[in-house]
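Readers should treat all values here as calculations from the given coordinates under stated rules, not as data from a laboratory. Keep in mind the model is a prediction, meaning the values are calculated, not measured. Positions of Cβ are generated from backbone atoms using ideal geometry, with glycine treated the same way; all protein chains shown enter the neighbour counts.
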Amino acid sequence: MAAVKNAPQWVRDLKPASPTGPELLEQERKSSNVNVDQLANFLFTKEAREKKRKILKLLQDDKVFDKSQNYFAGRIDRFETALARAKALQKLAVKHGLDDDEKKIAELLISEPGPYGLHEHMFLVTLRDQGSEEQREKFFKPAQAYKIIGCYAQTELGHGSNVRGLETTATWNSDDKTFTLHSPHLTASKWWIGSLGRTANHAVVMAQLVIDGKGYGPHPFVVQIRDLKTHQALEGVHVGDIGPKFGYNTMDNGYLLFNKVKIPHISMLARFSSVDAKTNKYVRPSSPSLVYGTLTWIRSTIVMQAGSVLARGVTIATRYCAVRRQFQDRDAPEWEKGENQVLNYTMVQIRLLPLLAATFALHFTGKGMQALYEANHKKMAQKTSDSNTTRGTGPEETQSSSDLLADLHATSCGLKSLASSVAAEGLEVCRRACGGHGYSSFGGIGAWYADYLPTATWEGDNYMLTQQVARYMLKSARSVLQGQEPSNDTTAVLSWYHKRQDQGAAFDILGKDEDIVSAFAWRSAYLTFEALKHREEQKRTWNSLLVDFYRLSKAHSQYMVVKNFHETIATNNNLDPETLSLLHKLFRLYALHTLETESAEFFTSAAATVRQIQLARSKAVMTLMEEIRPHAVRLVDSWDFPDWQLDSSLGRYDGKVYEDMFYRANDLNPLNRVDIDPYPDSATLFRKNESDGLKSKL
Amino acid sequence: MPDFTDRLKPAAPDGTTVLAQERGQSDVPVDELAKHLLSNDDFLGRQERMLRIVEKDPLFNKTKQFNLSRPDRFKLGLARGKKLRRYSDQYGWDAKDHEMAVYLCDDVTPYMVHYAMFITTVREQANDEQRAYWSPKIDAMEVIGCYAQTELGHGSNVRGLECQAFWDPKAKEFIIHSPTLTASKWWNGTMGRTANHAIVMAQLMLPKEGSPGEYTSRGPHTFVVQIRDMKTHKPLDGIAVGDIGPKYGYAPMDNGYMLFDRHRVPHSAMLSRYSRVDPNTSEYTKPANPAVVYGSLTYVRATIIMHARLIIARAVTIAVRYTCVRRQFQDRDSKDAKAPELCVLDYPTVQIRILPLLATAFALHYTGEAMQSLYWNTREEINQGNFGRLAVLHAQSSGLKSLCTELAANSIETCRRAMGGHGFGGPSGFIQLNNDYLSKPTVEGDNWMITQQTASFLIKRMQAAVDRKGKPQDEIEGHCRQYLDEKNGYKPSQLRVFDRDEDIVEAFRRRSRDQTYRAHVARNEQKQSWNSLLIQLRRVSHSESQSILVQNFYNALQQKDSAVSSTLHAHLRTLFRLFAFYTMDSEARDFSRAKAVSDDDLDKIPAKIQELMAQVRPHAVRLVDSWKIPDFLLDSALGRYDGKVYEDLFNRAHRLNPLNEITFNPYYKEEEIVKGSGENIDSILAKL
């Protein structure tokens, strides 16, 4: 933060009323002995943190990454700057030999979606994973050198999660061995596609493959869409940006239509399925499960990211609520004159501290999923290479419950849905907990929330996804009823419940951590068998059960989060006992607060008694909040966000909240550089800068 | 430029056909319902008249404003503010007409605080002489004013304000001063660039007799202060004032900051209807009831609540129309492989998010009406010098403001997300709505903080009922006594909420009293600390507000003279029950503990809600039509009356998007950003 310049001396001399933010945060940090460094290393590893510092330095030294005007500019300027930054970052990457991980760190620090985003995260990956040798040579290599810049065009104007409903067609022409790409309706227009609007010159297009009048479902095609010299759209291709959005305005999400465009045979990505140019026959996919494996991986990243996305809001809100004071404590003695720190209000604690606990819960769950994925993926890759001949069928019908990866795939849908909802809603809670200043752009939460929101609908809408979990849970329950041996966690839980359900539960949720996990497992299993009863005995329609399925998916995902959190801290020996015991408290706070919010289900399933739930609410949660409160600031410190990344007056590490708010308003704000004419009878608006006419912009 | 896309049509069935079918299957009398909801003060007639004028003025065209930078958005806002005011003069609009025009244009103008807070405060708190001086200047807009209360370090707690007004008996002047940076006025609308005057809320500091240099604080008072030169519009000496920068929404408003360096104002600057300092003796006259300063705040809250119903109606209008047009996945139970995809509103997971909100819009409507009449009744009493009911009004208005704005703000997000991906796009009609409306839960008293006022009031009434002295002081104390009677002996009647609507009302009341009673016991008998009770107090406040919402909805249905047709009455009753049961379900434990609803009945409620939703579903489109939200206000491709969702989405992206007029250079080895411009990185750096 630079010092205030554009103001008279008496303004520059002013200080905030005491106690000041720096004093309060210092006091906060003194009152806790959490070893911030150790905890941060535990969360991220020491190496990753050092890398982050190194890259931060690179970015801060380059003026193009300066953030101070981000909150002021219009859409076009923001996009131009974002493109300049994307180019600059790629240059830096080449110059310093940054690998993919390091580039991702840089993107997190820059914190705005960039126009190369889909080229890097979807286009390259798709070419690499789904292209044949020949295609990799032809497309992947020039794409790596950014000669080809691409995007991934799946979603259409009228079709999202349901890939089978896509309207764009790719019809095989047996006479000249080409495909014709065509958009038969307006609703067939590709829509929302990142990096497509203004940036990409190629696209991977998902289209319905048609051979000889017969449909074979959606397949990916690599298509050039713009001229490599002029960057104008090719003949028969209609492409553009879809306009401003709630967030993500530095990205050119685009639309794309084809008017009977012919593309060569090599355009169809042929690693898994293809059209034989000689026989004009369709060649079936060999192993679609590998594709679904990538989705599982992406979802585990979303879960882990959700923890840090939310942590950013919680960091800002916690620090600010420690600096902000409001009202005297009603019960405070006469002599204690000052206003109370907002963070001391239980009403603020109940909003922030369970979210603080959730940040750790989600982070550990994401980590746990990734570990499980990596371990089993290796095993499976081994197996596939051993027995290449047997082909799997569709992902939902096929994999037997013995497959741990199938378990992870199904349950990852629910976890993605839960985690991104918790993070998105949590950010808004954090913003509102900051009171009026949370509404200012300088608060740093609003824009971050807006950019994060689409995560709740992409990679499958959060509500729609829960059906997949339910379908899988029902299938697993059926296998348990048929007496099959449990082969993964889900079936183990279901069969444990099935055996014990007549004896009842009687968990000591207030006394034992393991029993909390059991109570969550119990509720999930109960809801599964209830849903199965509705579907099979009472023959209820699928549609009428969707709300039940949603609840079931949520319950099972919450069980997995609680379980992962518990396992992480139960098996840990890298932390000192005090920090570890604090993590145990956070675990209990997360679990009991969730239990209390969902109390009806715990009660009906008999996983907990009414009395236990009452005590959880009135005693346990309140006590835990009191115990965690003194450590709140150090706990958010351990998330290790540099100020440069937060870009927030309210969340500054040093607590100079008010000085920074004032500096940004007074010195960085271009509106204060224009004089206006306020009187309605005068047509003059800005007394300076009148030249740029307004009408032309409308 | 014509191209092949002009010939493309959406896949069948198109939106227009779908909505026509929806409208054809329902018997909801749209015009009758619209009249029932919106005829008060000729709302509908006024809406039509104003719409005709603003809709054809290109200055109010909304389609490209999302693309503008903050300074340009402000400039546009100022141009619009001026234009509306000139229309007022031209067509002889009254204040209500002007308000309607602003509402339809759906963009806050930089004059907003002048019209809303500045005029009201002068009207309510100036003495006759002051009023005679200021009113003509304000009406002519020579004086353009703002209202400077909130400070950088202080919001809801007015007593904590740092800005000071020292009385100088010799010069007969006040000295306005900001002792610290946190004393800076902050957030005050219209102040950043527009206003030349401000109502400044400052601690009145009177010299201590016999101790020179020492002062006694008399608490916050209001002063009218000129802040900018009437000619040059530059800040006066000793005043630093400016705009605080961009926000989550409200881009065209110049929320400001302001600091004073021992700035002198005349004795007449202090608004003196209720309290004054005698210029000759320096004697201070206390206001009859100190709460009176909050009069304008209470007025603003009443308006906010009335506005909230229209916000929900608007969100639900878009949501219902689009989820009818939008199709996704086939029904899993369907045997026909070629069957069309299901209409999204037929999914119970979508219904449960949207239809209870539709009912909520109605609930808020009836309470809004009741609140407004209560406000005007109370005002007359205040003018007659009777402040007794201000406490009731203030207490009720804060709890209701908290609940209603939270319901409305959440309704926008809930509906927006129910739209799937398109909800995130600019043309959804939710973006600016969300950005602008989300200030409400924290503005004019943070939603969590102000629930204390309602709860504290209720606990006092319960204490009075326990003490039982003489006749009950008000209706609320009466209810509290009844609750205590039932608790102590008289067995409360078993309520039958599925059979009798009045029992629903009683159940909500009993549950609210039960919440109050428990808080009373915790605070007054067990002496628990106020801070440890805050979460419980919020529940007390929300329980009471929900009870008021249900009560007013019920009362409206009972009015025999309202001449609502029996068809309409049946629909309204379904909505009443949907709202009540949905609310009851989400708070089920409270009702069980209060013995207001039996556990058996509570178990049946989810099925009851699905049944009621199924009854509402075929009428959803006509029900939202009845709110008569014009397309011009919705500004939504998804919520268009004619259902041309996809045509409009494409039109806005393709033809109304300035980014598509620029060709960019995407290759990272070349610094040029705009193709053919030849400019290097310096042109970008110059902007940073």
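Summary table
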quantity	calculated
Full-stretch length increase - B:N127, B:E369 - with 0.36 nm per residue and alpha-carbon distance subtracted	84.1 nm
Rg to Rh quotient for segment A:130-205, alpha carbon positions, Kirkwood Rh	1.01
Dipole magnitude (debye, nearest 20) for segment A:122-286, charges at Cβ of Lys, Arg, Asp, Glu	220 debye
Net length gained if the chain between A:Q69 and A:N344 were fully extended (0.36 nm per residue, minus Cα distance)	95.6 nm
Over 29 Å (Cα to Cα) - which of A:K245/B:K687; A:K63/B:K185; A:K104/B:K64; A:K229/A:K262; A:K104/A:K245; A:K533/A:K563 fall in this group	A:K63/B:K185; A:K104/B:K64
Relative contact order, percent, chain A [alpha-carbon distance under 8 Å, six or more residues apart]	16 percent
Chain B, helix-only ellipticity at 222 nm - DSSP H runs n ≥ 4, -39,500 (n - 2.57), divided by all residues, nearest 500	-16000 deg cm²/dmol
Within 10 Å of each Cβ in B:180-192, the average number of Cβ atoms from other chains	5
Part-to-part distance (alpha-carbon centres) for segment A:211-279 and segment A:415-454, which is given in Å	35 Å
For B:F174, net neighbour charge (Lys/Arg +1, Asp/Glu -1) across residues whose Cβ lies under 10 Å away	0
Span from the segment A:497-537 Cα centroid across to the segment B:612-627 one, whole angstrom	39 Å
Order of A:S420, A:S32 under a 10 Å beta carbon neighbour criterion, fewest first	A:S32, A:S420
Dipole of segment B:142-285 [Lys/Arg +1, Asp/Glu -1 at C-beta], most positive-end residue of B:H221, B:P252, B:G145	B:P252
Shielding by other protein chains, A:6-12, mean Cβ within 10 Å	4
A:Q27 versus B:R52: modelled label distance in nm, points set 7 Å from Cα along the beta carbon direction	6.4 nm
Shielding score for A:429-439, defined as the mean number of other chain Cβ atoms within 10 Å	6
Estimated dipole of chain B in Debye, rounded to 20 [Cβ of Lys and Arg +1, of Asp and Glu -1, Cα centre]	720 debye
Relative contact order (%) - criterion: Cα under 8 Å, at least six apart; region: segment A:1-153	17 percent
Theoretical gain in end-to-end length, B:W530 to B:N157 [0.36 nm per residue, Cα-Cα removed]	132.7 nm
Listed residue (B:Y133, B:L38, B:W167) projecting farthest to the positive dipole end of the protein assembly as shown, Cβ model	B:L38
Most to least packed among A:445-452, B:140-147 [average Cβ atoms within 10 Å]	A:445-452, B:140-147
Distance between modelled label sites at B:D642 and B:D600, nm, 7 Å Cα→Cβ extension	5.6 nm
Mean-position separation - Cα centroids, segment B:566-587 and segment A:608-640, in angstrom	37 Å
Whole-number D in µm²/s for segment B:142-285 (Stokes-Einstein; Kirkwood sum over Cα pairs; 25 °C, 0.890 mPa s)	158 µm²/s
Cleavage-rule hits, GluC sites (Glu not before Pro), segment B:58-140, DSSP coil, Cβ neighbours within 10 Å at most 13	none
Exposure proxy ranking, count of Cβ atoms within 10 Å, fewest first, for B:M100, B:M117	B:M100, B:M117
Stokes-Einstein D (µm²/s) once Rh is taken as the Kirkwood radius of segment A:122-286 over alpha-carbon pairs, at 10 °C in 1.306 mPa s	100 µm²/s
Mean separation of Cα contacts under 8 Å (6+ apart) over length of chain B, as relative contact order %	16 percent
Label-point gap, in nm, between B:S677 and A:D37 - each point 7 angstrom along Cα→Cβ	4.7 nm
Across A:K656/B:K62; A:K51/B:K247; B:K75/B:K96, pairs whose alpha-carbon gap is larger than 28 Å	A:K656/B:K62; A:K51/B:K247
Charge dipole of chain B about the Cα centre (unit charges at C-beta), most positive-ward option of B:L612, B:G470, B:T232	B:G470
Residue exposure sequence - B:W448, A:W639 - by fewest surrounding Cβ within 10 Å	A:W639, B:W448
Over chain A, equivalent-ellipsoid semi-axes from the Cα gyration tensor in Å	43, 39, 22
Qualifying trypsin sites (Lys or Arg not before Pro) in segment A:502-571, DSSP loop, other Cβ atoms within 10 Å at most 16	A:K512, A:K539, A:R540
Value of [θ]222 nm, deg cm²/dmol, for chain A, DSSP H segments ≥ 4, -39500 (n - 2.57) each, nearest 500	-15500 deg cm²/dmol
